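Reading through the structure tokens given below for one structure.
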2 protein chains.
Amino acid sequence: MAVANTAVKIPLEMPVVEKRVRNRAATEQAILDAAKRLLAEEGFQNFGINAVARGAGCDKQLIYRYYGGLNGLVEAIGTDLGSWVADRIPDDTGGMFLLTYGDLMERLSLLFLDALRADPLMRRIVAWEVSESSEQVRRLSEARSKALAGWIERMRGSLVPPKGVDAQAVNAMIFAAIQHIVLASAVSDQCAGLALKNNRDWEKAATALKRIVRGVYG
Amino acid sequence: MAVANTAVKIPLEMPVVEKRVRNRAATEQAILDAAKRLLAEEGFQNFGINAVARGAGCDKQLIYRYYGGLNGLVEAIGTDLGSWVADRIPDDTGGMFLLTYGDLMERLSLLFLDALRADPLMRRIVAWEVSESSEQVRRLSEARSKALAGWIERMRGSLVPPKGVDAQAVNAMIFAAIQHIVLASAVSDQCAGLALKNNRDWEKAATALKRIVRGVYG
DNA sequence: CTTGCTATTCACCGATCGGTGACAGATTGG
DNA sequence: CCAATCTGTCACCGATCGGTGAATAGCAAG
């Protein structure tokens, strides 16, 4: 093909364009950060290659190069999740003496409730978990539940549940309740007729939660 | 524009195409059915005009004409939801005498658990509710919670919760637990470490649920 | 049969999606 | 200095999305 006009465009006024430095590590981090931010703020619905690249301010090709596509990127998010949990939920008893299993579960429940309320990324992941059954989300889900189980185990210490109670099943119910109520509140400020807007509402929820725990474990 | 070649294609072998009768009412119903089927089977993720039209075997234009687009269609689904609930959850006490509020809540919890487990459409809607905050899903959500509240009210009869317990908050927790555990089981056969595959597993869940209810309401 | 009316289909639009191949500029090793 | 390598950009692909205007096919009354 004949070259007709190769006139180079020379901008008369040099735009002080941010000199994008060549730095793979920084770019990888920017991509990962953008992915987490996007997922936390927009949810999994419009979470895709194009959106992440846009958010990271780089070309989507780099996501393929550095993470092997969305799958790898999601996996990287999952890897982060461990420290994420450790950073956000206290690992000690807060100076309290947890004498009984009931004490423990009450504290765990309230801590988990507050932590989930404060963590949009976690919330989006939980919502994703119950909405889709792809390999991607399965990995994320595993990472999350593993981190959570580790936290619980560390907090449990040597306390054991009372005999005659299927603690695993009961606790699953309790944690399920917390997760659902927090998810519901995040999208509609209520759950099953219970308002969940101000702190007053959440006090009521926390009290109900305590009552349930104490009703089972004493 | 000059007509160059208007040769009409005449298929040599007449395909025995299903003679599509002209019947607006039937088409509307087919569209609504396809929408419910699609939502129940595929979830809200790929729920759109094109998919519904494909599922109903008609052109998407008809969805705009008859329902005014996806919004109207979703609203129609919501309208159906009332009878949907009434059809699937028993409205009487099943021959049992519910003497106490605890009896009532235990029965309601187990009925709701089974009903939700057996109803994929409801499950998808609940998952949708906690994943998105659009106007569409808000309408659906309202219809669902209204139907549910009505059912509970009918079942409640004259029973009143014990004094000293915030029944609204506690019940919200209980229903939240049921919803989340059923949603989780539908996508991953487990919830918070508790397996939820066979009937044995569900027995454990039901027992835990009863224990929680009895722990609060006696 | 002709003339409407209505149900239904068809063709096309612009936007966005995930994905890929080719290229440009900076860096580095010989 | 040149050549290879690495980082980053760009243009393009086919598919699908929601949405719309126009044409077509069947029915009913005149």
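Some notes on this structure:
- Cut-off 13 Å between beta-carbons: net charge of the residues surrounding A:Pro162, Lys and Arg +1, Asp and Glu -1: +1
- Here is how far apart the A:Asp80 label points are across copies: 4.1 nm, shortest first, using a point 7 Å from Cα toward Cβ.
- For A:Gly164, the distances from its label point to the matching points in the remaining copies are 2.1 nm, ordered from shortest, with each point set 7 Å beyond Cα toward Cβ.
- Segment A:68-127 and segment B:35-96 have Cα centres lying 36 Å from one another.
- Karplus-derived HN-Hα couplings along segment A:76-91 (A = 6.51, B = -1.76, C = 1.60, θ = phi - 60°), whole Hz, x at Gly and Pro: 4, 4, x, 4, 5, 4, x, 5, 3, 4, 4, 6, 9, 10, x, 9
- Taking Cβ atoms as reference points and 15 Å as the exclusive limit, the residues near B:Glu42 contribute a net charge of +2, counting Lys and Arg as +1 and Asp and Glu as -1.
- Taking the helices alone, chain B has a mean residue ellipticity at 222 nm of -22000 deg cm²/dmol, built from -39,500 (n - 2.57) per DSSP H run of at least 4 residues and averaged over all its residues.
- Counting Cβ atoms of other protein chains within 10 Å of each residue's Cβ and taking the mean over peptide B:127-135 gives 6.
- C-alpha long axis of helix A:101-117 to longest principal axis of chain A, angle in °: 30
- Considering only A:Ala30, A:Leu62, A:Asn46, the residue lying farthest towards the positive end of the dipole of segment A:24-68 is A:Leu62, judged by Cα position with unit charges set on Cβ.
- Neighbours of B:Arg138 by Cβ distance under 12 Å: Lys/Arg scored +1, Asp/Glu scored -1, total -4.
- Each residue of segment B:142-151 was assigned a 3J(HN,Hα) from its phi angle through the Karplus curve 6.51 cos²θ - 1.76 cosθ + 1.60 (θ = phi - 60°); the sequence is 4, 4, 5, 5, 5, 4, 5, 4, x, 4 Hz, with glycine and proline shown as x.
- Remark: segment A:49-100 carries a charge dipole of roughly 340 debye about the Cα centre, counting +1 on each Lys and Arg Cβ and -1 on each Asp and Glu Cβ.
- Charge dipole of chain B (Cα centre as origin; +1 on each Lys and Arg Cβ, -1 on each Asp and Glu Cβ, all else neutral): 120 debye, rounded to the nearest 20.
- For A:Glu135 and A:Asp91, the FRET efficiency from 1/(1 + (r/R0)^6), where r spans their Cβ atoms and R0 equals 30 Å, is about 0.45.
- Contact order relative to length of segment B:28-68, as percent, for alpha carbon pairs under 8 angstrom and 6 or more apart: 42
- Distances, shortest first, from the label point of B:Gly48 to those at the same position in the other copies read 0.7 nm; the point lies 7 Å along Cα to C-beta.
- With R₀ set to 22 Å, the beta-carbon distance separating A:Arg65 from A:Glu42 gives a calculated FRET efficiency near 0.40.
- Global form of chain B, assessed from the alpha-carbon gyration tensor, a/c cut-off 1.5: prolate
- Using C-alpha pairs under 8 Å with a sequence gap of at least 6, the mean separation divided by the residue count of chain B gives a relative contact order of 21 percent.
- Table column - 3J(HN,Hα) (Hz), segment A:200-209, Karplus curve with 6.51, -1.76, 1.60, x for Gly and Pro: 4, 4, 6, 4, 4, 4, 5, 4, 4, 4
- Helix B:167-188 axis, angle to chain B major axis (alpha carbon atoms, nearest 10°): 50
- Radius of gyration, Dmax [the protein assembly as shown; alpha carbons; angstrom]: 26.7, 93
- As a ratio to 2.2 N^0.38 Å, the alpha-carbon radius of gyration computed for segment B:11-120 takes the value 1.52.
Where a number appears in this text, it was derived from the coordinates with a stated rule and is not lab data. Small disclaimer: the values here were computed from a predicted structure and weren't measured. All Cβ positions, even for glycine, are placed from backbone atoms using ideal geometry, and neighbour counts span all protein chains on display.
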